[in-house]
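Contents: one structure, followed by commentary.
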Amino acid sequence: MAFPPAVFWSEIEAPPVALRVFVLVQSFPRSFRTRNVKTDGATIHVRMGGQGPAVVMLHGFGDTGDMWAPVAAALVGDHTVVVPDLRGIGLSSHPAGGYDKKTQAGDIARVMDRLKIDSAALVTHDIGNMVGYALAAQFPARVTRWVVIDAPLPGIGPWDEIIRSPALWHFNFRGRDVERLVKGRERIYLDRFWNELSTRPKAIDEATRRHYARLYARPGAMHAAFSQFAAFTQDAEDNKAFVAKGKLTMPILALGGDHSFAMQMADIMRLVATDVTAGVIGNSGHWVMEEQPKRTTEAIFDFIGKH
């Protein structure tokens with residue numbers, strides 16, 4: 001078990017049996033603790049540790065907050081690091097609804113409230129980018145700077161072209177039978193993402209794959225995952241309304257894998273923000289933390305850790 005015995009469970013109704021089942025692929029620093037925070041309609045599982053200016057890290061689909069362990073280790077010396085699992089993913093609860101990113105941004109704001117964090121730097125990947133934008137657009141004073149990594153924003157820029165890409169067929173993989181088709185085959189479904197959207201599939205090793213496949217096989221997890229994508233239509237409308245009110249002004253580092261979104265990440269972010277720095281992670285597809293953990297961690301630390 002990656003976490004020490006002392007854990008905070010004051011806001012969870014059920015005993016923390018899940019922690020005895022799922023073992024992290026890479027440990028967070030031993031000083032980290034966990035707690036579950038009730039928000040409006042969900043219970044969000046949070047890892048936290050350190051002291052100093054806060055950093056909130058949001059994962060995407062195919063991962064959980066566990067993906068950020070290397071970055072947490074780099075930042076924890078002089079930052080308060082907060083790593084939630086998004087609603088419906090990992091060890092957070094799996095409510096029936098609320099998977100539009102505006103609502104999920106509310107989850108993160110509520111977590112910050114409960115942890116008495118007024119503002120924080122933000123680090124996001126994949127669907128975490130979408131939740132991050134909804135958070136920054138609704139509560140700009142609460143986001144001091146932002147590292148956004150390798151995924152588009154619904155409704156922004158080339159979105160209509162992006163969603164027609166055959167590689168992204170999963171955006172529209174919905175309907176009454178999708179959960180029945182995937183049930184018991186979660187590992188097969190997830191392998192498709194790890195294999196096809198990476199430059200080096202072997203970088204996502206067997207232990208990592210087994211770990212996440214078990215988490216996504218939990219009751220309600222795949223229903224929640226499909227709901228994340230089903231909400232994109234609403235997310236697109238919300239994002240258009242956000243940007244119509246004005247662009248973000250906090251400093252943003254837009255990172256893309258050189259075999260994935262690459263410099264396009266910065267192009268997308270410049271449509272919603274005024275202060276964007278571009279960066280590319282070499283020899284990487286979409287899964288930058290798994291494919292190039294050292295380079296990605298260094299890029300994040302250089303932008304967040306020195307400020």
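Screening G175 with (1) buried (at least 18 other Cβ atoms within 10 Å of the Cβ); (2) over 14 Å from F61 (Cα atoms); (3) of a type in the set (G, A, S) gives one miss only, at (1).
For segment 179-192, the candidate set comprises residues that are surrounded by fewer than 18 Cβ atoms within 10 Å (Cβ to Cβ) and not basic (K, R); within that set, the residue that is nearest to P293 (Cα to Cα) is D191. Test I108 against the stated conditions and say whether it is in a loop (DSSP other than H, G, I, E, B) and among the aliphatic types (A, V, I, L, M). No. Determine whether A231 is surrounded by 16 or more Cβ atoms within 10 Å (Cβ to Cβ), closer than 17 Å to G90 by Cα and at pLDDT 95 or above. For A231, the condition - surrounded by 16 or more Cβ atoms within 10 Å (Cβ to Cβ), closer than 17 Å to G90 by Cα and at pLDDT 95 or above - is not met.
Scanning segment 140-156 for residues that are farther than 12 Å from Q264 by Cβ and either acidic (D, E) or not in a strand (DSSP E or B) (or both) yields P140, A141, R142, P154, G155.
If a residue counts only when it is over 24 Å from P154 (Cβ atoms) and not acidic (D, E), which helices (runs of 4 or more DSSP H) contained entirely in segment 263-307 have at least 3 such residues?
293-300
Applying the selection to segment 157-177, what residues are within 22 Å of the chain's Cα centre (by Cα), at pLDDT 80 or above and part of a loop (DSSP other than H, G, I, E, B)? Listed by number, the residues that qualify are G157, P158, I163. For segment 113-131, taking the residues that are in a helix (DSSP H, G or I) and touching a His at 6+ places or on another chain (Cβ under 9 Å), the one that is nearest to G155 (Cα to Cα) is identified as I127.
Are any residues in segment 144-166 in contact with a strand residue (DSSP E or B) (Cβ under 9 Å, 6 or more places away or on another chain), surrounded by fewer than 24 Cβ atoms within 10 Å (Cβ to Cβ) and more than 21 Å from Y99 (Cβ to Cβ), and if so, which ones? Across segment 144-166, the qualifying residues are T144, R145. Any residue at all in segment 74-95 that's in a helix (DSSP H, G or I) and either surrounded by 24 or more Cβ atoms within 10 Å (Cβ to Cβ) or touching a strand residue (DSSP E or B) at 6+ places or on another chain (Cβ under 6 Å) (or both)? Yes, because at least one residue in segment 74-95 is in a helix (DSSP H, G or I) and either surrounded by 24 or more Cβ atoms within 10 Å (Cβ to Cβ) or touching a strand residue (DSSP E or B) at 6+ places or on another chain (Cβ under 6 Å) (or both). At least 3 residues being free of Cβ contacts under 8 Å to residues at least 40 places away in the same chain and closer than 20 Å to I163 by Cα is the threshold, and among the helices (runs of 4 or more DSSP H) wholly inside segment 178-244 those reaching it are 186-196. Among the residues of segment 83-102, none qualifies, meaning not one is under 18 Å from the mean Cα position of the chain (by Cα), under 23 Å from D258 (Cα atoms) and not polar (S, T, N, Q). Looking across segment 193-209 at every residue that is of a type in the set (A, V, I, L, M, F, W, C) and under 18 Å from the mean Cα position of the chain (by Cα), the one that is surrounded by the fewest Cβ atoms within 10 Å (Cβ to Cβ) is identified as F193.
The values are calculated or read from the model by the stated rules, or taken from the named source; none is laboratory data. If you're wondering where the values come from, they're calculated on a predicted model, not measured in any experiment. Counting neighbours? That spans all protein chains shown, and the Cβs are built from the backbone with ideal geometry, glycine included.
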